[in-house]
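The values are calculated or read from the model by the stated rules, or taken from the named source; none is laboratory data. The shown structure was predicted, so the numbers you read here are calculated from the model rather than taken from an experiment. Glycine also receives a Cβ, built like all others from the backbone with ideal geometry; neighbour counts cover every protein chain displayed.
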Amino acid sequence: MFSKIKIHTLTWILIAISLLSARFIEIIIMFFIVFVHEMGHAFMAQRYKWDIRQIRILPFGGEMETDAFGCKNFAEEFLVIIAGPMQHVFLFLSAYILNYLQMMPDWIYVFFQKFNLMILISNLYPALPLDGGRLLFLLFAKKWPFVIAHRRIMILSSLFAFSLIVCILLLNPTHVNSWLFSLFISFSIFREWKHRHFFHMRFLLSRNNEEKIIKKIVVRPDEKLMNISRKFYKNRKHEIVVKKGNQIIGIVTEVDLIKNCFYDKKPFEKVGNLL
């Protein structure tokens with residue numbers, strides 16, 4: 001797992017600058033907090049045997065890249081997401097004990113707790129790919145179909161990114177880290193939106209038949225398979241009830257719909273033709 005850790009070029013530049021400006025200890029503390037946060041995510045993901053592509057350490061935070069988000073059950077995803085923020089509680093208590101035992105100088109203790117809290121709060125902002133955004137997406141996916149939940153968290157994330165940029169312009173336009181953070185959020189949102197169709201396809205193809213809760217979807221016989229797949233919920237097994245007027249003319253299983261839509265490459269086939 002440690003071989004998948006990548007320190008971003010900007011992080012190395014910031015470390016180099018800190019050496020010249022006598023702020024090396026402060027940067028190392030920030031780096032350590034971010035590293036522990038990401039390891040919290042990574043170790044929990046590894047416990048559930050998620051495929052982790054890369055763990056990136058940035059000057060203002062980190063990012064664990066995996067294809068598992070959105071494709072696992074609610075409990076797994078919740079635990080992997082919350083494992084990062086929970087590390088800050090451990091760090092807070094550890095720093096407090098070390099300072100109490102006079103093993104950590106007061107100035108380091110104050111700086112450590114300040115940045116520990118700052119990184120925790122920034123990660124809980126309601127925007128993807130931050131932990132707060134991912135937690136909110138899980139709540140949205142409980143209430144709405146996957147595609148709608150994803151679209152709404154993207155809209156909310158975009159509004160947050162815009163609000164963040166306005167706040168930086170008004171309050172502290174020369175703060176470099178704030179601009180880097182806002183640019184990272186904006187780019188991540190753009191990337192998420194650009195690949196939204198891929199995320200939907202990955203969500204469908206990663207589904208299994210072990211879900212116990214059945215969700216019935218009532219459709220017309222002329223509705224296309226791809227459009228019906230956009231009504232699928234996360235962690236639900238679907239029965240597609242085909243009705244003509246008030247009469248049920250047939251039922252199509254989720255497995256048959258996905259097979260015809262993707263494996264047989266008939267996404268625009270009318271569901272009535274499967275009966």
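Residue-wise test of (1) in a helix (DSSP H, G or I); (2) among the β-branched types (Val, Ile, Thr).
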{"residue": "148", "(1), (2)": "yes, yes"}
{"residue": "151", "(1), (2)": "yes, no"}
{"residue": "157", "(1), (2)": "yes, no"}
{"residue": "174", "(1), (2)": "no, yes"}
{"residue": "178", "(1), (2)": "yes, no"}
{"residue": "186", "(1), (2)": "yes, no"}
{"residue": "198", "(1), (2)": "yes, no"}
{"residue": "215", "(1), (2)": "no, no"}
{"residue": "233", "(1), (2)": "no, no"}
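So residue 130 passes all but one of these: (1) under 17 Å from residue 229 (Cα atoms); (2) in contact (Cβ under 8 Å) with a residue 40 or more places away in the chain. Which condition number does it fail?
So residue 130 meets the others, but not (1).
Considering 196, 152, 230, which residue is without any contact (Cβ under 8 Å) to a residue 60 or more places away in the chain, surrounded by fewer than 18 Cβ atoms within 10 Å (Cβ to Cβ) and touching a His at 6+ places or on another chain (Cβ under 9 Å)? Lay out the reasoning, then the answer.
Working: 152 fails: touching a His at 6+ places or on another chain (Cβ under 9 Å); 230 fails: without any contact (Cβ under 8 Å) to a residue 60 or more places away in the chain.
196 is the lone residue from the list that is without any contact (Cβ under 8 Å) to a residue 60 or more places away in the chain, surrounded by fewer than 18 Cβ atoms within 10 Å (Cβ to Cβ) and touching a His at 6+ places or on another chain (Cβ under 9 Å).
Name, by its number, the condition in (1) outside any helix (DSSP H, G or I); (2) aromatic (Phe, Trp, Tyr); (3) under 30 Å from residue 107 (Cα atoms) that does not hold for residue 90.
Tallying (1) outside any helix (DSSP H, G or I); (2) aromatic (Phe, Trp, Tyr); (3) under 30 Å from residue 107 (Cα atoms), residue 90 fails exactly one: (1).
So residue 99 clears everything in (1) of a type in the set (S, T, N, Q); (2) closer than 29 Å to residue 179 by Cβ; (3) touching a Pro at 6+ places or on another chain (Cβ under 9 Å) except one condition, right? Which one?
Of everything listed in (1) of a type in the set (S, T, N, Q); (2) closer than 29 Å to residue 179 by Cβ; (3) touching a Pro at 6+ places or on another chain (Cβ under 9 Å), residue 99 misses just condition (2).
Which of the following residues is farther than 24 Å from residue 236 by Cα and not small (Gly, Ala, Ser): 146, 92, 137? Before you say what the answer is, go through the steps one by one.
Numbers: 146 fails: farther than 24 Å from residue 236 by Cα; 137 fails: farther than 24 Å from residue 236 by Cα.
The match here is 92.
Taking into account only those residues within segment 240-269 that are surrounded by 15 or more Cβ atoms within 10 Å (Cβ to Cβ) and part of a strand (DSSP E or B), which is nearest to the chain's Cα centre (by Cα)?
Per the criteria, the residue is 240.
From the set of residues in segment 1-22 that are surrounded by fewer than 13 Cβ atoms within 10 Å (Cβ to Cβ) and outside any helix (DSSP H, G or I), which is nearest to the chain's Cα centre (by Cα)?
Filtering segment 1-22 for residues that are surrounded by fewer than 13 Cβ atoms within 10 Å (Cβ to Cβ) and outside any helix (DSSP H, G or I), the one nearest to the chain's Cα centre (by Cα) comes out as 1.
For the condition among the acidic types (Asp, Glu) and either crowded, with 18+ Cβ neighbours inside 10 Å or under 19 Å from residue 184 (Cα atoms) (or both), what is the one hit in 26, 38?
Values: 26 fails: either crowded, with 18+ Cβ neighbours inside 10 Å or under 19 Å from residue 184 (Cα atoms) (or both).
The unique qualifying residue is 38.
Mind telling me which of the residues 63, 77 ends up being buried (at least 17 other Cβ atoms within 10 Å of the Cβ), touching a residue at least 60 places away in the same chain (Cβ under 8 Å), touching a Pro at 6+ places or on another chain (Cβ under 8 Å) and not hydroxyl-bearing (Ser, Thr, Tyr)?
Unique residue meeting the criteria: 63.
Would you confirm, using the coordinates I've provided, whether residue 57 is farther than 29 Å from residue 143 by Cβ and assigned to a strand (DSSP E or B)?
Numbers: farther than 29 Å from residue 143 by Cβ: yes; assigned to a strand (DSSP E or B): yes.
Yes; evaluated as a whole, the condition is true for this residue.
Exactly one of (1) among the hydrophobic types (A, V, I, L, M, F, W, C); (2) surrounded by fewer than 17 Cβ atoms within 10 Å (Cβ to Cβ); (3) under 30 Å from residue 58 (Cα atoms) is unmet by residue 213. Its number?
Single failed check for residue 213: (3).
Could you please let me know if residue 196 is modelled with pLDDT under 90, within 16 Å of residue 147 (Cα to Cα) and in contact with a helix residue (DSSP H, G or I) (Cβ under 9 Å, 6 or more places away or on another chain)?
Working: modelled with pLDDT under 90: no; within 16 Å of residue 147 (Cα to Cα): yes; in contact with a helix residue (DSSP H, G or I) (Cβ under 9 Å, 6 or more places away or on another chain): yes.
Judged against the criteria, residue 196 is not a match.
Tell me yes or no: at least one residue of segment 105-121 is outside any helix (DSSP H, G or I), hydrophobic (A, V, I, L, M, F, W, C), modelled with pLDDT under 95 and surrounded by 15 or more Cβ atoms within 10 Å (Cβ to Cβ).
First, the residues of segment 105-121 that are outside any helix (DSSP H, G or I): 105.
Pick out the ones that are also hydrophobic (A, V, I, L, M, F, W, C) and you get none.
So far as segment 105-121 goes, no, none of its residues is outside any helix (DSSP H, G or I), hydrophobic (A, V, I, L, M, F, W, C), modelled with pLDDT under 95 and surrounded by 15 or more Cβ atoms within 10 Å (Cβ to Cβ).
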